[in-house]
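The values are calculated or read from the model by the stated rules, or taken from the named source; none is laboratory data. The structure presented is a predicted model; accordingly, all values stated were derived computationally and were not measured. Every residue, glycine among them, receives a Cβ derived from its backbone with ideal geometry; neighbour counts consider all protein chains shown.
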Amino acid sequence: MSHQDKVYGTATVGARGQVVIPVEARKDLKLKPGDRLMVLGKYGKALSFIKADEINDIINMIVESVEGHKDKQEVLKYIKEVLNK
């Protein structure tokens, strides 16, 4: 974990699949009712949320990191596919 990573505690999945995000996380991330979150899975074991309106910043970081890489076009194609799901 980096110095920016934080563990906020636990959450319980309700009968309808709903999860309550801990209050400290909502405050730190400035989440408010109605905010849209992208839900991401990793290794079939981890789940994370990213504010949908901030995904462009993340995409730009990815694009910058693959600049000049031989697989850049494949990475960009994959990002577009994921965002259009």
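Structural remarks
Conditions (1) under 18 Å from residue 8 (Cβ atoms); (2) modelled with pLDDT of 85 or more; (3) part of a helix (DSSP H, G or I), marked per residue:
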residue: 31; (1), (2), (3): yes, yes, no
residue: 48; (1), (2), (3): yes, yes, no
residue: 56; (1), (2), (3): no, no, yes
residue: 64; (1), (2), (3): no, no, yes
residue: 69; (1), (2), (3): no, no, no
residue: 76; (1), (2), (3): no, no, yes
residue: 79; (1), (2), (3): no, no, yes
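- Residue list for the range 7-26, restricted to those being under 21 Å from residue 55 (Cβ atoms) and in a helix (DSSP H, G or I): 25, 26
- The C-beta contact set for the range 45-73 (first residue within 30 Å of residue 33 (Cα to Cα) and surrounded by 10 or more Cβ atoms within 10 Å (Cβ to Cβ), second residue modelled with pLDDT under 80 and among the aliphatic types (A, V, I, L, M), distance under 7 angstrom, 6+ apart or interchain) comprises 50/58; 59/79; 62/75; 62/79.
- Of all the listed residues (14, 41), the sole one being touching a strand residue (DSSP E or B) at 6+ places or on another chain (Cβ under 7 Å), loosely packed, with under 10 Cβ neighbours inside 10 Å and free of Cβ contacts under 8 Å to residues at least 40 places away in the same chain is 41.
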